[in-house]
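Got a structure here, written out as structure tokens. Questions coming.
The values are calculated or read from the model by the stated rules, or taken from the named source; none is laboratory data. Predicted model, so just to flag it, every value in this text is computed and none were measured. Neighbour counts run over all protein chains shown; Cβ positions are idealised from the backbone, glycine included. When the accessible area is computed, the model is the full protein with side chains, heavy atoms only, and any ligands, DNA or RNA have been set aside. Shrake-Rupley method; radii C 1.70, N 1.55, O 1.52, S 1.80 Å.
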Amino acid sequence: MHFLRFLCFAIMGHLCVMSPSLGQAANSPIHIIMIGAHPDDCDIDGGGTAALFASMGCSVKFLSLTNGDAGHQTMKGPALAKRRLEEAQEAARRLGVTYEVLDHHDGQLVPSLEIRLEVIRAIRNWHADVVISHRPNDYHPDHRYTGILVQDAAYMVAVPDIAPETPALQKNPLFLYFEDKFQRPNPFRPDICVDISSSFAKKISALDAHESQMYEWLPWIGHYLDQVPSGKSAKLQWLAETRGGKITPEARQSLDKWYGPASSQAEHAESFEICEYGLQPTEADIRHLFPMLVRH
Ligand SMILES: [Zn+2]
């Protein structure tokens, strides 16, 4: 493990082009925090990228702003929140990341000052270089308000007088959005696209840990409960087939930009859009922060 970490830092140091806007040592580990509304969002939208980061020695945290206690057709309340916390912890173990679940009720999240301060403290405590969350236009109000809360934390994480008991970050992190399919007011733009073909199996394994969601709640609310297979291997295969997603033509262009000709071999990818409110990165900044983006 130590050798892998050394190898990662060596690779990252080799790849890094020092950037005045980042002002970090070339071989410093990258800290990533993904912030979702529910205890499966980060896994669904960024699990493959998180596994890649983790395998390269980077520090990855998933933070869920709600406890998921409304996401089931028969269970509810504290019993459901407890089950979902255990599922999240198992998913984290499979991905090699840290998972924290805040105790706000599912389906009732509001962009309050109190929760904004919680988000600011979480980003600071993780010493985040990269923050990834939902866009503020989404079908689910918890996703929308998570996007608002994280946007509201961008910039404020560097302001010392806000939440002064937690030291402010010296530099504003790079804020990114998870991919979605919503078209209004503007469609998602895949500024960064990560080839997750090599970590896809880990992502599916992490999703499999969220049994209450993947095999019970989401199929029930989506009216496809009858399609859920029985048996461990059949379930994993079904998840891989239904959760793989398509690489859009725009994402394929982004893959070409970041990986070169080898990108044509990518079977699975996760894309991210740059938020206008944090660090506005150069291409060198992005290659430093995403050391898996290597031209072949
Ligand atoms: Zn969600």
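Sorting 175, 182 by accessible area (1.4 Å probe), largest first, what list results?
Heavy-atom accessible area, descending, gives 182, 175.
Hey, what D do you get for the chain in µm²/s if you plug the Kirkwood alpha-carbon radius into Stokes-Einstein at 10 °C and 1.306 mPa s?
81
Relative to the compact globular guide of 2.2 N^0.38 Å, what is the alpha carbon radius of gyration of the stretch 144-296, as a ratio?
So the stretch 144-296 has a normalised radius of gyration of 1.25.
Counting only helical runs of four or more DSSP H residues, what would the 222 nm mean residue ellipticity of the chain come to if each run contributes -39,500 (n - 2.57) and the total is spread over all its residues?
-12000 deg cm²/dmol
Any chance you could look up the accessible area of residue 144 with a 1.4 Å probe, heavy atoms only, rounded to 10 Å²?
80
Which value, to two decimals, describes the C-alpha radius of gyration of the stretch 93-190 once divided by 2.2 N^0.38 Å?
Dividing the Cα radius of gyration by 2.2 N^0.38 Å gives 1.12.
Separate question: Considering only protein heavy atoms, what is the solvent-accessible area of residue 143 at a probe of 1.4 Å, reported in Å² to the nearest 10?
Here the accessible area works out near 20 Å².
Pick out which of 146, 66, 242 has the largest mean-square fluctuation in a Gaussian network model of the chain, springs linking Cα atoms closer than 10 Å.
242
Pick out which of 129, 226, 138 has the largest mean-square fluctuation in a Gaussian network model of the chain, springs linking Cα atoms closer than 10 Å.
Per the Cα network of the chain with a 10 Å cutoff, 226 tops the list.
Roughly what % antiparallel, to the nearest 5, for the DSSP beta bridges in the chain?
The answer is about 25 percent antiparallel.
While we're on this one: Return the carbon/sulfur percentage of the accessible area of the stretch 37-124, one whole number, probe 1.4 Å, all protein chains in place.
Here carbon and sulfur together make up 52 percent of the probe-accessible area.
Also, quick follow-up: With charges only on Cβ, +1 for K and R and -1 for D and E, what is the dipole size of the stretch 184-281 about its Cα centre, in debye, rounded to 20?
Around 80 debye, computed over the stretch 184-281.
Treating only the Cβ of Lys, Arg, Asp and Glu as charged (+1, +1, -1, -1), what charge dipole size does the stretch 33-164 show about its Cα centre? Round to the nearest 20 debye.
140
Per the 1.4 Å probe, what fraction of the accessible area of the stretch 168-263, in percent, lies on carbon and sulfur atoms?
Answer for the stretch 168-263: carbon and sulfur cover 53 percent of the accessible area.
Springs between alpha-carbon pairs under 10 angstrom, Gaussian network model over the chain: which of 29, 78, 39 fluctuates most?
Between 29, 78, 39, it is 78 that shows the largest mean-square fluctuation.
Let me ask you something else. Heavy atoms only, 1.4 Å probe, whole protein assembly: order 85, 218, 65 by accessible area, highest first.
Result, largest first: 85, 218, 65.
Assigning unit charges at the beta carbon (Lys, Arg +1; Asp, Glu -1) and nothing else, what dipole magnitude in debye, to the nearest 20, does the chain show about its Cα centre?
Rounded to the nearest 20 debye, it is 560 debye.
Another one. Which value, in Å², gives the accessible area per residue of the chain when a 1.4 Å probe is used on the protein heavy atoms?
Result: 47 Å² of accessible area for each residue.
Exceeding 22 Å between C-alpha atoms, which entries from my cross-link table qualify? They are 61/171; 171/202; 76/203; 76/232.
Beyond 22 Å between Cα atoms: 171/202; 76/203; 76/232.
Can you give me the solvent accessible area of residue 256 with a 1.4 Å probe, rounded to the nearest 10 Å²?
Here the accessible area works out near 70 Å².
Going Cα to Cα from residue 257, which aspartates and glutamates come in below 14 Å? Please leave out same-chain ones fewer than 8 positions away.
Correct list for residue 257: 191, 195, 283.
Along the positive direction of the dipole of the chain (beta-carbon charges: Lys, Arg +1; Asp, Glu -1; about the Cα centre), which of 113, 31, 57 reaches farthest?
57
Next up: Would you rank 132, 221, 44 by solvent-accessible area, highest first, keeping every protein chain in place and using a 1.4 Å probe?
221, 44, 132
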